[in-house]
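Here the structure is laid out as structure tokens; the discussion comes afterwards.
Just so it is clear, none of the values below were taken in a lab; they were calculated from the coordinates. Quantities reported herein were computed from a predicted structural model and do not represent experimental measurements. So basically every Cβ, Gly included, is an ideal-geometry build from the backbone, and we count neighbours across all protein chains shown.
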Amino acid sequence: MDGNTKNLIQNHIDSNDVCLFMKGTPDAPQCGFSMAVTNMLKLLEVNFQSVNVLEDQNVREGIKVFSDWPTIPQLYVKKEFVGGCDIIKEMYESGELSKLFESKGINFKAKN
């Protein structure tokens, strides 16, 4: 990964409390896993910034190196890598995701 790509990725993570690297956009996800994570964040009414990795091949490959995680989507909360779709889904269903947002001071709506 080149320095520009690393800086671009780091800047997205540093400047957004909740940052999702995904395929597509929240309104038009381009894969089921990205759709699943955006839907969970929307259900919790979390404000998040998305980065469409399909727009930049360097970011698409670079984020995997950056996080040492092989798949997309990838969720970062307050500069901390949380995980991919399976981990986020598990955390959402167990309530851990809400606890994480609460502990980090992120506004969200508790799920019923």
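Table: residues versus (1) under 17 Å from ILE106 (Cβ atoms); (2) without any contact (Cβ under 8 Å) to a residue 40 or more places away in the chain; (3) of a type outside the set (Phe, Trp, Tyr).
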| site | (1), (2), (3) |
| --- | --- |
| ASP14 | yes, no, yes |
| VAL18 | yes, no, yes |
| LYS42 | yes, yes, yes |
| SER50 | yes, yes, yes |
| SER67 | no, yes, yes |
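Given the structure, is VAL46 in contact with a helix residue (DSSP H, G or I) (Cβ under 7 Å, 6 or more places away or on another chain) and part of a strand (DSSP E or B)? In short, no.
No other residue among THR5, THR38 is among the polar types (S, T, N, Q), crowded, with 18+ Cβ neighbours inside 10 Å and farther than 28 Å from ALA110 by Cβ apart from THR5.
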